[in-house]
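Values in this text are rule-based calculations from the coordinates and carry no lab data. All of these numbers come straight from a predicted model, not from anything done at the bench. Ideal geometry is used to build each Cβ from the backbone, glycine not excepted, and the neighbour counts take in all protein chains shown.
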Amino acid sequence: MGCGRTGAAIAERLDREGHRVTVIDRDASRFGRLDGGFGGRLAAGNGMDMEALERAGVREADAFIAVTQGDNRNFFASQLAREVYGVARVICRVKDPQRGEIFGRLGIDTYSPTSAGADAMIAMLAGEAPA
Amino acid sequence: MYIIIAGGGKVGYSLARELQGGDNELLVIERDGERAAELGERLEGAALRGDACEASVLEGAGVRRADLVAAVTGDDEDNLVVCEIARHHGVARVLARVNDPRNALLFGKRGIETTVSATDAILAQIEQELPVVAVVPVMHLHEGLELVEVRLPETSPAVGRTPRELLLPPESLVALIVDSGGVPRIPAPDTTLTVGDALVVVTRAESRAMLGEALIGGAHGFDT
Amino acid sequence: MAGFRSILAPVAPGDASLDAAALGAALARQAGGALTLLYVIEVDRRLPVTADMELEGRRGEELLRRARARAEAAGGGVTIEDEMLQARAAGPAIVEAAAAREADAIVLGVAASLLPGRFAVGRTAEHVLGHAPCAVWIARAPLERAAPAAEPAARP
């Protein structure tokens, strides 16, 4: 969910690895980010809308990844995927580390680019290879 | 009782107005600076500028000692997040407004009570602690008209009468009667009002106090 | 400028509020009136407004004591009372206290800006100026006193 730079990169890679991938974004023009070889499905719609999620095939999904710009939207859609549709693996991007920590305790795997970026740069500063 | 309301739009504001006073401490958290300042003026300073979805804002608002957090912004995802963070901080009672009724399913799965008409439900939620008898605004119609709900208390002068016998303010009309069992009825000439009936009334905003006198009785003050 | 018989002077850290106390006492003396010194403890929302604020209370007492000394020196026998209360924000509390005492004037000290040519009055003074039912006098500390080392008189 969310066809930004991160979403597109994830979709392309998983597609190349042979997974069946569907990308959902409420702005269909953003599907242009995906390279020409992308073989997955495109679903224009709001990932917080249950009908749109169902059209995108959420009922059959083994994993759901939310990477829109909005922390709360990502969390909401992730909770829908988990609680309503029982998706086994749900990963949610949350920029605000405080919020991410709380979401994590609620059973959603969260990734905070803010914390991860800070950690990586501090590691570089210390002369270690980035994790 | 300390009540935090996240979202200072129309719903948040009217809710705050209903709850302010008595022993309640109240705080409205509003993201927009100008709106927050305006709310501060109207609510005796009980407004805080900030994003209630940020854990540090809720924390600074004293969420740990809050008895109830009501998330009533116009965005369901924000309301969900506010409720989750509040519960994480140990708030026993959280309540969310759902803007899209279909989302009530998710809130239900998360164990969060929801409501479409926040004012109404939040008042119902806290009424064990707070003997609220009030004229509750449900919806603003155009031209200064609004839809309000009044639940008839034992002391109501309207009990035992028919809607036609009521002395309502001008341009007021009982549109619907919901009995204490939750069954809605269109008022008929022979409908007798009983205790616990919720009357949905169309009235003018400035007539609320007068309407309260007619339906609740003069003994109850209106501090709004 | 009829007599200011009842004057309220809020007290805060910094010289400006001492000046305000002195000015308030002088005004009260002229009218044969009384001066009230008021210290407001601002209580963080993490705590109930009635929380026990012992440290803040001691600080308030000390500030009130210093303000009283300045006021007595300037007021020559004028009646001086002091009061301490707890509120979420000083501004509304000052306005409320002024209304409750039917004060004729509030004399409020504000720190001079550290940036010459620029002046921001601060949220407390802004609220008082915008809401007080009575006259408001602002006592601003002289610029030379507003060296970076000085504590701001009014709350930011």
Check: Pick from A:F75, A:F64: which is closer than 25 Å to B:C53 by Cα, under 15 Å from the mean Cα position of the chain (by Cα), at the interface with chain B (Cβ under 8 Å from one of its Cβ atoms) and of a type in the set (A, V, I, L, M, F, W, C)?
Finding: A:F75
Check: Listed residues B:V201, B:V174, B:V178, B:V183; which is under 23 Å from the mean Cα position of the chain (by Cα) and touching a residue at least 40 places away in the same chain (Cβ under 8 Å)?
Finding: B:V201
Check: Considering only region A:100-115, how many residues are in contact (Cβ under 8 Å) with a residue 12 or more places away in the chain, closer than 21 Å to B:H89 by Cβ, more than 8 Å from chain B (Cβ to nearest Cβ) and not in a loop (DSSP other than H, G, I, E, B)?
Finding: 3
Notebook entry, point to check: Any residue in region A:27-47 that is more than 28 Å from A:D119 (Cβ to Cβ), touching a strand residue (DSSP E or B) at 6+ places or on another chain (Cβ under 6 Å) and of a type in the set (K, R)?
Noted result: yes
Checklist line | Failed item, numbered, when B:G108 is tested on (1) of a type outside the set (A, V, I, L, M); (2) without any contact (Cβ under 8 Å) to a residue 24 or more places away in the chain; (3) buried (at least 17 other Cβ atoms within 10 Å of the Cβ) | finding: (3)
Item checked: Residue ID - surrounded by the most Cβ atoms within 10 Å (Cβ to Cβ), chosen from residues in region B:61-96 that are under 14 Å from B:E30 (Cβ atoms) and more than 12 Å from chain A (Cβ to nearest Cβ) -> B:A70
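Within region B:186-198, can you find the residues that are under 20 Å from the mean Cα position of the chain (by Cα) and among the aliphatic types (A, V, I, L, M)? Lay out the reasoning, then the answer.
Start the filter on region B:186-198 by keeping residues that are under 20 Å from the mean Cα position of the chain (by Cα), which leaves B:196-198.
B:A198 - this is the single residue of region B:186-198 that is under 20 Å from the mean Cα position of the chain (by Cα) and among the aliphatic types (A, V, I, L, M).
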